[in-house]
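A short write-up of the structure that comes next.
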Amino acid sequence: MRIIKFVLLLTCLMAGTALAQENPSVDVVLSQDNAQQGDVVDAAIYVRNGVNVGGVDVGIAVDETCLRITERQPGDYLPTSDEEGAFSAFAELNEHDTRLASALTDRTKYVNGDGIFYSVPLEVTCEQGTASVDVTYAQVSSYVDPSAEIIEVVSYDLEDGTLSATGAQLQIGDGSSSEVTVAPPEQATVAADSTVEATQPAPTQPAEDTQNNALWLGALLLVIVGLVGLVGLFFFTRRSR
């Protein structure tokens with residue numbers, strides 16, 4: 001019985017660890033939840049739960065009747081310039097939509113945790129209404145092992161459901177402007193310099209998701225069945241003797 005209890009406890013711990021791993025997400029956070037015509041509201045694009053992140057690509061769209069994008073400002077989550085060890089694979093800016101993609105060329109600068117990828121000031125152009133800011137495209141690419149000689153990445157994508165995204169809504173014309181106090185996210189940590197040098201840029205194409213939760217659960221079930229079978233065989237052998 002002690003052996004059976006130990007096996008069950010070990011299995012529960014392994015299952016809990018696998019399920020506790022969260023995929024990255026992309027969230028839009030507004031600097032205030034109410035505004036008047038003529039106000040400028042900042043929209044920050046956050047990446048959360050990142051692990052060994054080497055590439056990010058996010059596009060958003062705003063309400064065409066009530067909001068207008070005036071510019072786009074890069075955040076501190078992932079660099080976008082050659083001088084910082086990265087490059088912008090895609091950049092587009094319009095009045096009602098924008099998209100920015102960045103990929104590292106220096107693998108030692110991968111990041112973990114949460115941070116702002118970019119932000120956009122939004123000018124309020126209508127007198128009253130509810131204006132939305134939606135994430136239209138999102139992909140986060142992570143290194144399986146940043147120090148490995150051969151680059152291997154896993155991609156989390158909004159389209160295939162491996163990455164989640166949350167937009168935001170701005171109430172216009174109902175009362176005075178009200179600023180939202182947003183707790184700063186857990187600072188994204190940049191890896192320390194490593195002696196391993198990148199031999200090529202991190203690929204931005206999606207790779208096979210080696211951390212698929214279904215595979216984890218399937219492997220755990222196989223382990224449980226195998227262990228229970230071994231324990232049963234052990235007691236059956238003892239009783240036969």
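We did not get these values from a lab; they are worked out from the coordinates using the rules stated. These numbers were taken from a predicted model, which means no experiment stands behind them. Glycine gets a Cβ as well: all are built from the backbone with ideal geometry, and neighbour counts include every protein chain shown.
Would you mind computing, in nm to one decimal, how far apart the modelled labels at residue 171 and residue 92 are, each placed 7 Å from Cα along Cα→Cβ?
Distance between the two pseudo-spin positions: 3.4 nm.
Going toward the positive end of the dipole of region 22-142, with +1 on Lys and Arg Cβ and -1 on Asp and Glu Cβ, which of 116, 78, 96 do you reach last?
It is 78.
According to the square roots a ≥ b ≥ c of the eigenvalues of the Cα gyration tensor, what is the shape class of region 49-185, taking rounded for a/c under 1.5, prolate for a/b larger than b/c otherwise, and oblate for the remainder?
On the way: a/c = 2.30, a/b = 2.17, b/c = 1.06.
The shape class here is prolate.
Rounded to the nearest 20 Debye, what is the dipole magnitude of region 25-164 about its Cα centre when Lys and Arg each give +1 and Asp and Glu each give -1 at the C-beta?
220
When Lys and Arg each count +1 and Asp and Glu each count -1, what net charge do the other residues less than 12 Å away from residue 59, Cβ to Cβ, add up to?
Value of the local net charge: -3.
Enumerate by residue number the GluC sites (Glu not before Pro) in region 93-151 meeting two conditions: DSSP loop (anything except H, G, I, E, B), and at most 16 other Cβ atoms within 10 Å of the site's Cβ. Present the calculation step by step, with values, prior to reporting the outcome.
Working: sites: 95, 123, 127, 149; in loops: 95, 127, 149.
Hits after loop and neighbour filter: 95, 127, 149.
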